[in-house]
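The values are calculated or read from the model by the stated rules, or taken from the named source; none is laboratory data. Source: prediction; values computed, not measured. As a convention, Cβ positions derive from the backbone with ideal geometry for all residues, glycine included, and neighbour counts pool all protein chains shown.
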Amino acid sequence: MTMTPEQIVAANKASIETLVGLTNKAVAGVEQLIELNLAATKAAMEDTHSHTNAALSAKDSQELLALQASIFQPFAEKVANYNRHLYDIASGTSSDFSHMVESKIAEAQENFHSLFDNMAKNAPAGSETAVSAFKTAIASGNQALEQVQKAVKQASELAENNFKTMANTAMTAAQHASPAPAAKTSRKRTS
């Protein structure tokens, strides 16, 4: 029932490896987030420069209004793409964490079951009822844990589907609401 020094060292090594693995995944997620934000910042600066130059070179207020109208759809698309990439980074990192945690939980359950089976084999005579009740409690706990994991997975999938639907709806609405085609026609008429 007591752990040997070798088992303690092995358990500590495994814990450290898990911590290092989770830390590496977190750092990778932060790196991706930094790259995304740098790219978005560069693009925003370029767009601002381009739009400012275009606004300053507008010949009249009608051309300036048409320019403003033509900016809406690309901006909405860029925001939706940024949010999609942000979501992909977050869900990828979360998925990596979840898989690692699930594997560690499964490993811990397996170790616990082996320890319990070993203890049950060496239990004193007459303790069969207590061992059986404890096995039933363990089985019930495992079933409850599996149900929670399934519910969390379903909720995550639902949230992902809702996010994708919302992003697609926003993109469609931005495309339909954009007055850019009218601005193009008014340019053709004034030319």
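Key figures
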read-out: Which listed residue, of Phe112, Phe116, Phe97, is exposed (fewer than 14 other Cβ atoms within 10 Å of the Cβ), closer than 30 Å to Ala144 by Cα and of a type outside the set (Gly, Ala, Ser); value: Phe112
read-out: Yes/no for Ala151 being among the small types (Gly, Ala, Ser) and closer than 30 Å to Arg84 by Cα; value: yes
read-out: Residue within segment 151-170 that is closer than 30 Å to Ala66 by Cβ, of a type in the set (S, T, N, Q) and modelled with pLDDT under 80 present; value: yes
read-out: Meets criteria (in contact with a Pro (Cβ under 8 Å, 6 or more places away or on another chain), closer than 30 Å to Leu38 by Cβ and surrounded by 13 or more Cβ atoms within 10 Å (Cβ to Cβ)) for Phe72; value: yes
read-out: Hey, Ala26 small (Gly, Ala, Ser), out of contact with any helix residue (DSSP H, G or I) (no Cβ under 6 Å at 6 or more places or on another chain) and closer than 30 Å to Ala167 by Cβ or not; value: yes
read-out: Those residues of segment 27-67 which are surrounded by 14 or more Cβ atoms within 10 Å (Cβ to Cβ), in a helix (DSSP H, G or I) and either of a type in the set (Val, Ile, Thr) or without any contact (Cβ under 8 Å) to a residue 40 or more places away in the chain (or both), in sequence order; value: Asp47, His51, Ala54, Leu64
read-out: Where Leu158 falls short, out of the listed (1) of a type outside the set (Val, Ile, Thr); (2) surrounded by 11 or more Cβ atoms within 10 Å (Cβ to Cβ); (3) closer than 29 Å to Gly29 by Cβ; value: (2)
read-out: Some residue of segment 68-83 being among the basic types (Lys, Arg), within 24 Å of the chain's Cα centre (by Cα) and either assigned to a helix (DSSP H, G or I) or under 30 Å from Ile8 (Cβ atoms) (or both); value: yes
read-out: Filter pass, Lys104 being modelled with pLDDT of 80 or more, surrounded by 11 or more Cβ atoms within 10 Å (Cβ to Cβ), assigned to a helix (DSSP H, G or I) and touching a Ser or Thr at 6+ places or on another chain (Cβ under 8 Å); value: yes
